[in-house]
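Dropping a structure here in structure tokens format, bear with me for questions.
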Amino acid sequence: MEELTPIALLIDQLKSEDTQIRLNAVRRVSQIAKALGPERTRKELIPFLTELVDDEDEVLSALSEELGNFVELIGGSEFAATLLPPLEALAASVEETSVREKAVNSLNKVGQSVPSESLKDTFIALIKRLSSGDWFTSRTSAAGLYYVAYQKTSDEATKKELRTSFYALCRDDVPMVRRAAATHFPKLISLFTKEQVKDEVLPVFVFLSNDDQDSVRLMTVELCAAIGRVLSQEESLQAVLPVALNCVSDKSWRVRYMVADKFCELGSALGPELCKAHLVNSFVKLLRDSEAEVRTAAAFKVEGFGKLIPMELIIKNVIPSVKELVKDQSQHVRAALASNIMGLAPSLGREKTLECLVDIFLGLLKDEFPDVRLNIISKLDSINSVVGIDLLSQSLLPAIVDLAEDKQWRVRLAIIEFIPLLCKQLGVQFFESKLSNLCLSWLGDSVFAIREAAALNIKKVAEVFGPEWAKNNIIPRVLSLYTHPNYLYRMTTLFSVTQLAPVVGPDVTATSMLPLVARMVDDSVPNIRFTVAKTLHALIPLLDAAVVQNQVKPALNKLAEDSDRDVKYYSSLALQQAV
Amino acid sequence: MKWKLNQVFGEDPSAVNEENIITSVRFDPHGDFLAIGYQCGQVVVFKNTTGDTFKFYAQFESHHPEFDFLTSLEIEERINKIRWLKQKYDGTRMMLTSNDKTIKLWKLSERKKRGEAENNGMPKTQAKRVFGNAHAYNINSVSLCSDGETFISADDLRVNLWSLEDNKESFTCIDIKPTNMSELSEVITSATFHPFLCNQFIYSSSKGVVYQADMRTNALCESNLRCFKESNPSGKSFFSEVTSSMSDVQYSPDGRYIMARDYLNLKIWDVNNDSSPLAIYNVHDHIKPKLYELYENDIIFDKFECCWSPDSKSVMTGTYSNGFVIFDVASGEPTHMQAVNPRDKRKRRNATLPVTEDINFDEKVSHITWSSKSDLLACAAGNYIYLYVGNN
């Protein structure tokens, strides 16, 4: 009788007016299933859930998701098919796309578990019903189920039926169905034989590539890649390349954008010969496209495509267009180029990189738009591995200093994050002569996020160069901030101490930093005093016991008697640690 | 085609109710439903039950009045536009409704919740998505794309592209705001998508020009616009600038023609010839002598809608004294009608001649809609909606 209560409670909650209660009930449905056990779950819970027609999308969405994990709860694969009816209802006619998508995902999960003998009568029958459903929603959902079904079927006749039915979806009247079919088509093609692709897929492919609706034609590009992977070079030349080239010259910039975005996949699918002979021209066309969005997408692929074609072609065809992009009107194009162009260095080799890329690199480094400059600097390691950094450090440094003093704090923040990398590559000398002042000036920046990042940065630099160096060079200068009249900057000192302590070790901490912290116990601002308490609290595990007893505890005891409540609180917390 | 008044919905003719002034009407694309939007933000839906007879189906409050704190202006709840989604769902229909600043996607659903008592035939209405904060100026148009997934909304200076699935982002595809606002000379008055091409839309301007944009050329569609205008406008008068402002623009259902309504005329262009209209129909030339008066009391700024018949052979628009005109496109032959409420005790006129004397400028048919079932049309005047059935 106890077992009746969970389901009765669930029924009540699922009828609740309050959406949140219904939602929570649905999310706990797996717990109920566990309590009921597999048989009762199958016989009572699932039929109940099948009839549940809620109107809140959130609830339906949660239900769709939960049911996907029910295979074990209903007794394993043998019974997996009992989960199909409620999911079918959810996938067929709910208007909200996100609900249908979850239902399709769950159907795929369940479909995987359905035993092969019963696949045809259950999962495949479901697909057939959805594919011929009256509502476009069911046909759209059906498109997402073919892959799993096809993969699991070994019977040739059934496979043929599935293929035929899928092609019908590709030719559906409603654009959204065609679009869904086109989206799931590439993955499905990987399961077909070459003959099937040549004889059956190609006509459908051509049909979709001529679709009126831009949103369907967009999908052609991935199809090109999928088909190219199956066919031989010769066959791709005949069947796929013409369509791909059409897409490159499509009237709609969105289609051209898709080509640019998927260019590398297309290139590797079609193979090096076709890339050399035909795709290079297309790529250059896209780099010069009239629409900035397309040029941006193409600029992002410079590195990737460079790996697919021989060096001479890169230099002869791609580099000239790339040079034009350095002066492109749109900063997004230039920023995309900057994030990518250095990736060509390994493909070109040292000599050619010096000849061709360095000018581009320097041009972008002087760009007025900070993101462009930042993107170049972030890719420093690519160029360092090919060309030594010394060559560029002269031009690099002014750019870094510029960015470090940019009016926008987010730009300054981004530069700080590169400093440790630069330290590793440029070495101690460079840092000391050029960068150390910069790093320390950031500790006094007007923006807190910068001061915080600067302290973290100091720690990372100390990690790169070692505790001895930190002790002699960094710590004295960091600590000098403690005399600043504005308490916010004195706080930075304390924060830096907390960061540096683990890096420099207990001795250096005790001798160089602790005395100062102890002095700040007498600071006039309570915020400083309780931060001292917090700092000491953090330092305790890092120091020798003797030091803790002799230096830390007295300081904390003094703070424990402070007039300010917060100071007392934090120092008492610290004292508990200090035992 | 002979038109007969079949049904009238509305309230007592002697009481003119400000709140219940009809501000938008629309048949759904399958001819099953008629939606009516009101000044007070309510939407009423009628359903086609048997043989072109409509019965009350649903009512809901679509928009509330709001206050824009930044500009210290009230945002009215008046429903400017209603557009039904073409796709049919099981037991559910969806529509977009819009006031000056916000567009909402409404779901009308007949599906019942388990365990609930019967809904007594009334559907449940629910606002599924709210598309807001994208217009600095007042929205004048909403139009759905044939791809079934996107729509545009237009205000005085911008046209935005939305996805039905996502109310967090909107893309401006037309922006005619000048850098210096004092140079502003032209505003957008109406915009609509092509009936079946997913990448074209047209918008009309206050200067009497229709622009056609192709979304394939660029992300921001302002270059390569085609302009449909009148090459040799005749009879330019002192008020031409005002009367040439277009209040509505529509593609024909077969996609071959563009029609625009300005204050005095309906102009029709062939899509392939933008230099000059194919035809210009005078809607109410008899008010031309009165233009000065009409300018003085702002009546010259009245806006009228226009629409096509589903077979693209006729066009219709409203006029004053509750009149409306249907033109046969091929011949230009007008059919004049007057929407007269059978309950109206006031003096009746011959309802098939244009009203040229004692024109009542307070009574006008500004909102009209023609069902995809060719023999059914509806027009709204004041608080009333008049449904006409046609016979050949």
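The values are calculated or read from the model by the stated rules, or taken from the named source; none is laboratory data. Please read these numbers as outputs of a predicted model, since none were measured by experiment. As a convention, Cβ positions derive from the backbone with ideal geometry for all residues, glycine included, and neighbour counts pool all protein chains shown. Protein only, heavy atoms only, side chains kept; ligands, DNA and RNA dropped before computing areas. Shrake-Rupley method; radii C 1.70, N 1.55, O 1.52, S 1.80 Å.
Just the residues that are open to solvent by 70 Å² or more (accessible area, probe 1.4 Å) and either in contact (Cβ under 8 Å) with a residue 40 or more places away in the chain or basic (Lys, Arg) (or both), please, taken from the stretch A:419-432.
A:LYS424, A:GLU432
Another question, if that's okay. If we scan the stretch A:197-206, do we find a residue that is open to solvent by 40 Å² or more (accessible area, probe 1.4 Å), within 14 Å of chain B (Cβ to nearest Cβ) and not aromatic (Phe, Trp, Tyr)?
Checking the stretch A:197-206: not a single residue is open to solvent by 40 Å² or more (accessible area, probe 1.4 Å), within 14 Å of chain B (Cβ to nearest Cβ) and not aromatic (Phe, Trp, Tyr).
A follow-up question, please. Hey, could you check the stretch A:348-358 for residues that are touching a residue at least 12 places away in the same chain (Cβ under 8 Å) and either in contact with a strand residue (DSSP E or B) (Cβ under 8 Å, 6 or more places away or on another chain) or more than 14 Å from A:LEU396 (Cβ to Cβ) (or both) and say which is most open to solvent (accessible area, probe 1.4 Å)?
Only one residue tops the list, namely A:ARG350.
For the stretch B:48-56, state whether one or more residues are open to solvent by less than 30 Å² (accessible area, probe 1.4 Å), away from chain A (no Cβ under 14 Å), outside any loop (DSSP other than H, G, I, E, B) and at pLDDT below 95.
Within the stretch B:48-56, one or more residues are open to solvent by less than 30 Å² (accessible area, probe 1.4 Å), away from chain A (no Cβ under 14 Å), outside any loop (DSSP other than H, G, I, E, B) and at pLDDT below 95.
B:TRP106 fails exactly one of the following numbered conditions: (1) more than 14 Å from every other protein chain (Cβ to nearest Cβ); (2) modelled with pLDDT of 95 or more. What is the number of that condition?
Unmet condition: (1).
If you don't mind, another one. Any idea which residue in the stretch A:75-101 is nearest to A:LYS43 (Cα to Cα), counting only those that are open to solvent by less than 20 Å² (accessible area, probe 1.4 Å) and more than 13 Å from chain B (Cβ to nearest Cβ)?
Step by step, filter the stretch A:75-101, then rank; the result is A:LEU83.
Among the numbered criteria (1) within 12 Å of chain B (Cβ to nearest Cβ); (2) under 16 Å from A:ASP12 (Cβ atoms), which one does A:GLU56 miss?
(2)
Return the pairs, sorted by first residue and then second, in which the second residue is of a type in the set (D, E, K, R) and assigned to a strand (DSSP E or B), the first residue lies in the stretch B:141-164 and is within 17 Å of A:ARG179 (Cβ to Cβ) and within 13 Å of chain A (Cβ to nearest Cβ), the beta carbons are less than 9 Å apart, and the residues are 6+ apart or on different chains.
Sorted first by the residue in the stretch B:141-164, then by its partner, the pairs are B:LEU144/B:ARG83; B:SER163/B:GLU169; B:LEU164/B:ARG129.
In this structure, does A:SER330 turn out to be closer than 30 Å to A:TRP409 by Cβ, open to solvent by 10 Å² or more (accessible area, probe 1.4 Å), within 14 Å of chain B (Cβ to nearest Cβ) and within 28 Å of the chain's Cα centre (by Cα)?
Yes; evaluated as a whole, the condition is true for this residue.
Considering only residues that are surrounded by fewer than 22 Cβ atoms within 10 Å (Cβ to Cβ) and assigned to a helix (DSSP H, G or I), look in the stretch A:128-137 and name the one that is farthest from the other protein chains (Cβ to nearest Cβ).
Ranking the candidates gives A:LYS128 first.
Now for a different question. Does any residue of the stretch A:140-157 turn out to be open to solvent by 10 Å² or more (accessible area, probe 1.4 Å), under 29 Å from A:ALA103 (Cα atoms) and within 14 Å of another protein chain (Cβ to nearest Cβ)?
yes
Of everything in the stretch B:272-297, what is hydrophobic (A, V, I, L, M, F, W, C) and over 18 Å from B:SER314 (Cβ atoms)? Give them in sequence order.
Hits for the stretch B:272-297 are B:ILE287, B:LEU291, B:LEU294.
For the stretch A:167-180, what are the residues that are open to solvent by less than 60 Å² (accessible area, probe 1.4 Å), within 14 Å of chain B (Cβ to nearest Cβ) and either more than 17 Å from A:VAL206 (Cα to Cα) or assigned to a helix (DSSP H, G or I) (or both)?
Within the stretch A:167-180, A:VAL174, A:PRO175, A:MET176, A:VAL177, A:ARG178, A:ALA180 meet the criteria.
For the stretch B:221-243, check the following and say yes or no: at least one residue is crowded, with 16+ Cβ neighbours inside 10 Å and within 14 Å of another protein chain (Cβ to nearest Cβ).
yes
So in the stretch A:376-418, with the set limited to residues that are polar (S, T, N, Q) and at pLDDT 75 or above, which one is most open to solvent (accessible area, probe 1.4 Å)?
My answer is A:GLN408.
Which condition does A:LEU191 not pass, out of (1) open to solvent by less than 60 Å² (accessible area, probe 1.4 Å); (2) within 14 Å of another protein chain (Cβ to nearest Cβ), if it passes all the others?
(2)
Hey, another quick one. With under 24 Å from A:GLN213 (Cα atoms) and away from every other protein chain (no Cβ under 14 Å) as the only criterion, which of A:SER290, A:SER321, A:SER282 stands out?
Of A:SER290, A:SER321, A:SER282, the one residue that is under 24 Å from A:GLN213 (Cα atoms) and away from every other protein chain (no Cβ under 14 Å) is A:SER282.
Within the stretch A:534-546, is even one residue part of a helix (DSSP H, G or I), over 42 Å from the mean Cα position of the chain (by Cα), of a type outside the set (Gly, Ala, Ser) and on the phi < 0 side of the Ramachandran plot?
Looking through the stretch A:534-546, none of the residues is part of a helix (DSSP H, G or I), over 42 Å from the mean Cα position of the chain (by Cα), of a type outside the set (Gly, Ala, Ser) and on the phi < 0 side of the Ramachandran plot.
Condition check ((1) buried (at least 20 other Cβ atoms within 10 Å of the Cβ); (2) more than 20 Å from the chain's Cα centre (by Cα); (3) not charged (D, E, K, R)) across all residues:
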site: B:VAL187; (1), (2), (3): no, no, yes
site: B:ALA191; (1), (2), (3): yes, no, yes
site: B:CYS198; (1), (2), (3): yes, yes, yes
site: B:SER206; (1), (2), (3): no, no, yes
site: B:TYR211; (1), (2), (3): yes, no, yes
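Among the residues of the stretch A:293-318 satisfying the criterion of being closer than 21 Å to A:SER268 by Cβ and within 14 Å of chain B (Cβ to nearest Cβ), which is farthest from the chain's Cα centre (by Cα)?
Residue satisfying both the conditions and the ranking: A:VAL294.
Taking only pairs six or more apart or across chains, which ones have beta-carbon atoms under 6 Å, a first residue in the stretch A:333-347 that is hydroxyl-bearing (Ser, Thr, Tyr), and a second residue that is open to solvent by less than 10 Å² (accessible area, probe 1.4 Å) and part of a helix (DSSP H, G or I)?
A:SER347/A:GLY306
Which one of these is β-branched (Val, Ile, Thr), within 14 Å of chain B (Cβ to nearest Cβ) and outside any loop (DSSP other than H, G, I, E, B): A:THR183, A:THR164?
Within the list A:THR183, A:THR164, the selection yields A:THR183.
Let me ask something else about it. Tell me which strands (runs of 3 or more DSSP E) are completely within the stretch B:292-392 and hold 3 or more residues being touching a Lys or Arg at 6+ places or on another chain (Cβ under 8 Å), or say none if there are none.
Those strands (runs of 3 or more DSSP E) span B:384-391.
Okay, next question. A:ASN557 - would you say it is surrounded by fewer than 19 Cβ atoms within 10 Å (Cβ to Cβ), touching a residue at least 40 places away in the same chain (Cβ under 8 Å) and either in contact with a Ser or Thr (Cβ under 9 Å, 6 or more places away or on another chain) or of a type in the set (Lys, Arg) (or both)?
Taking the combined requirement at face value, the residue does not satisfy it.
Out of the stretch B:75-88, which residues are in a strand (DSSP E or B) and surrounded by fewer than 18 Cβ atoms within 10 Å (Cβ to Cβ)?
Of everything in the stretch B:75-88, just one residue is in a strand (DSSP E or B) and surrounded by fewer than 18 Cβ atoms within 10 Å (Cβ to Cβ), namely B:ILE75.
Now for a different question. Take the stretch A:512-537 and flag every residue that is closer than 28 Å to A:GLU468 by Cβ and open to solvent by 40 Å² or more (accessible area, probe 1.4 Å).
Once the filter is applied, which keeps residues that are closer than 28 Å to A:GLU468 by Cβ and open to solvent by 40 Å² or more (accessible area, probe 1.4 Å), the stretch A:512-537 yields A:PRO515, A:ALA518, A:ARG519, A:LYS534, A:HIS537.
So which residues in the stretch B:57-74 are in a loop (DSSP other than H, G, I, E, B) and surrounded by fewer than 20 Cβ atoms within 10 Å (Cβ to Cβ), if there are any at all?
B:HIS64, B:PRO65, B:PHE69, B:LEU70, B:THR71, B:SER72
Could you tell me whether A:PRO485 is surrounded by fewer than 18 Cβ atoms within 10 Å (Cβ to Cβ) and outside any helix (DSSP H, G or I)?
yes
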